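Okay, structure first, notes after.
Nothing in this text is a laboratory measurement; each read-out follows from the coordinates by a stated rule. On a predicted model such as this, the values are computed, not experimentally measured, just so you know. When we count neighbours, we look across all protein chains shown, and the Cβ atoms used for this are built from the backbone with ideal geometry, even at glycine.
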Amino acid sequence: MPRERTVYVCQVCGRRAAKPVGRCPQCGEWNTYVAQVEKPEPRGRGRRVVKRDPRRLQDIPPLEDARWPVPIGEFARVLGGGIMPASLVLLGGDPGIGKSTLLLQMALEVARERPVLYVSGEESEAQIRLRAQRLWREEDGAPRPFPENFYLLSETDLEALLLGVERVQPDVLIVDSIQTVYLPDLEGVPGGVTQVRESALRLQALAKEQGLAVFLIGHVTKEGVLAGPKLLEHLVDTVLYLEGDRYQAYRLLRAVKNRFGPTAEVGVFEMTDRGMTEVPNPSEVFLAGRVVDAPGSAIAVTMEGTRPLLVEIQGLTSPTPFGQPRRTAIGVDAYRLLLVLAVLTRRVGLRLGDQDVFANVVGGLRLQEPAADLALAAAIASSFQDRPVRADAVLIGEVGLSGELREVSHLEARVREAAQFGFRVAIVPRVLARRKPRWPQGIQVLEARTLRQALHWALVGGEG
Ligand code: TYD
Ligand code: MG
């Protein structure tokens with residue numbers, strides 16, 4: 001008989017160790033290891049092998065036809081066109097960001113066509129009904145009859161959940177959240193690594209065997225990892241993240257992994273009193289509150305997935321009152337801010353060493369690509385020199401350590417988006433590609449070799 005043994009498992013990242021560990025070498029958290037007793041499966045005996053014949057590639061039906069439509073366009077796009085039967089989707093995001101709201105809306109829409117079971121371990125049935133009433137309305141605000149095929153279960157016991165599935169036979173199952181469900185026969189607290197992983201594996205088996213689409217909601221902890229279920233990312237077919245600033249209305253739904261569609265696709269929503277509403281024209285809203293001709297503001301064009309998006313970046317410099325100057329980055333990477341500041345200091349000659357610097361991306365977006373460097377640099381230089389950035393210009397380009405402006409991807413698409421929104425000038429890196437881009441009508445494209453050159457063109461009072 002194989003012997004039982006005790007292992008220690010980190011409750012944050014799932015790392016396993018033979019001995020208790022104070023600080024986890026993988027995720028850096030303290031005192032997160034919990035002892036677990038493992039009983040190895042008896043090997044060999046009782047195992048059944050199901051014989052399955054390999055099939056010719058051409059005999060395998062294409063997946064595309066199989067998708068179930070989702071009438072929420074932004075959601076469907078991020079999924080890759082619709083809901084894939086027999087798939088497991090993880091929706092991660094900070095608490096309070098709108099995960100339950102979004103999936104409840106999706107579930108209500110889908111339930112018009114096919115049975116849906118929404119299982120919540122977070123809220124009571126009455127609470128969910130109340131929320132559904134708020135979300136499910138006619139255009140004029142009148143209450144709308146609920147779809148008959150929408151089933152609700154407030155439950156945390158996974159066995160009970162599976163019984164519910166047996167009863168309802170849903171096509172789509174939503175589990176809110178994976179951290180609340182648990183298997184009674186298994187050790188470990190709900191939300192812990194063992195429970196989360198085992199529950200997800202059971203739900204995955206359910207999805208694959210019965211052709212269900214299963215959506216798991218997973219909360220992100222303060223470190224930005226899905227609590228425990230960072231482990232789930234490799235196990236599920238699709239990983240979506242809902243991002244945004246809790247205190248601002250806009251939300252981005254991002255696919256970071258998708259076995260059935262493109263990644264890097266992004267859907268934009270606004271949290272309103274009627275739930276998550278689609279924002280089909282995001283650039284418009286992100287520029288809405290802009291104060292034209294004020295120093296410290298520049299427009300970047302960022303690619304969110306395959307879609308260009310105009311965003312305002314703000315910079316503010318202010319003399320450091322005492323001690324170390326502070327650098328504060330909201331919505332931009334803190335290291336990119338430091339890099340841009342260093343280049344502004346050393347290559348452009350701005351004396352920022354005794355300045356506090358703040359950088360902010362308007363609308364709660366988080367920019368991840370270096371293509372926003374130039375706009376970031378311009379916003380800071382603009383504030384420092386108290387000269388506004390030309391109101392009719394967008395700024396695109398990565399800043400290199402030598403003060404050079406480096407090429408970015410999708411330049412044509414970015415410039416086209418800017419032209420569409422009435423911008424007259426695009427300041428971009430010099431295009432080295434042999435095939436010159438075809439710039440759209442109505443916008444002048446200025447190719448700058450260096451950051452200094454670009455700022456000279458961008459800041460009002462510099463052109464003359
Ligand atoms: P929720 O979906 O509960 O977030 P999560 O499941 O990610 O924790 O939504 C959280 C917030 O959204 C909550 O503070 C209230 C707000 N909200 C709206 O603004 N409008 C609405 O129609 C709904 C349902 C919620
Ligand atoms: Mg929730």
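Over the stretch 259-323, what lengths in whole Å, largest first, do the semi-axes of the equivalent ellipsoid take, defined as the square roots of 5 times the eigenvalues of the alpha-carbon gyration tensor?
Details: eigenvalues 184, 54, 37 Å².
So the equivalent ellipsoid measures 30, 16, 14 Å along its semi-axes.
Bin all alpha-carbon pair distances of the stretch 327-417 at 5 Å intervals from 0 and give each bin's fraction as a whole percent.
Reading the bins upward from 0: 3, 13, 24, 26, 22, 9, 2, 0.
Would you mind ranking THR272, THR156 by Cβ crowding within 10 Å, fewest neighbours first? Show your work: numbers first, answer last.
On the way: THR272 9, THR156 17.
Final ranking by Cβ density, sparse to dense: THR272, THR156.
Binning at 10 Å from 0, report for the chain what percent of all alpha-carbon pair distances ends up in each bin.
Per 10 Å bin, starting at 0, the Cα pair percentages come out as 4, 17, 23, 21, 18, 11, 4, 1, 0.
Between 0 and 90 degrees, rounded to the nearest ten: what's the tilt of helix 373-385 against the longest Cα principal axis of the chain?
Helix 373-385 and the main axis of the chain meet at about 50 degrees.
Using r as the Cβ-Cβ distance of ALA413 and GLU138, and R0 as 35 Å, what FRET efficiency do you calculate, to the nearest 0.05?
0.40
Would you compute the Debye intensity of the stretch 65-280 from its alpha-carbon atoms alone, equal scatterers and no solvent, and pass along log10 I(q)/I(0) at q = 0.11, 0.12 Å⁻¹ to two decimals?
After summing over all Cα pairs, the log10 values are -0.47, -0.57.
Compute the angle between helix 193-210 and the longest alpha-carbon principal axis of the chain, please, reported from 0 to 90 degrees and rounded to the nearest 10.
Approximately 80 degrees, to the nearest ten.
Helix 411-420 versus the longest principal axis of the chain: what is the Cα-based angle in degrees, 0 to 90, to the nearest 10?
80 degrees
What are the equivalent ellipsoid semi-axes of the stretch 290-458, built from the alpha-carbon gyration tensor (square roots of five times its eigenvalues), in whole angstrom, biggest first?
25, 16, 14
Any chance you could check the Cα centroid distance between the stretch 93-109 and the stretch 151-217 for me, in angstrom?
17 Å
Straight-line reach from LYS208: which aspartates and glutamates have Cα under 16 Å away, leaving out those fewer than 8 places along the same chain?
Cross-link targets: GLU166, ASP171, GLU198, ASP237.
Neighbouring Cβ atoms within 10 Å as the yardstick, rank ILE396, ILE97, ILE217 fewest first.
Numbers: ILE396 28, ILE97 20, ILE217 24.
Going from sparsest to densest Cβ surroundings: ILE97, ILE217, ILE396.
Give the relative contact order (percent, whole number) for the stretch 334-464; include only Cα pairs under 8 Å separated by 6+ residues.
Relative contact order, the stretch 334-464: 24 percent.
If each DSSP helix of 4+ residues adds -39,500 (n - 2.57) and the sum is divided by the residues in the chain, what number results at 222 nm, nearest 500 deg cm²/dmol?
-7000 deg cm²/dmol
For the stretch 75-175, what log10 I(q)/I(0) values come out of the Debye formula at q = 0.13, 0.15, 0.16, 0.24 1/Å, with one point per alpha carbon and no solvent?
Each listed q corresponds, in turn, to -0.47, -0.64, -0.73, -1.57.
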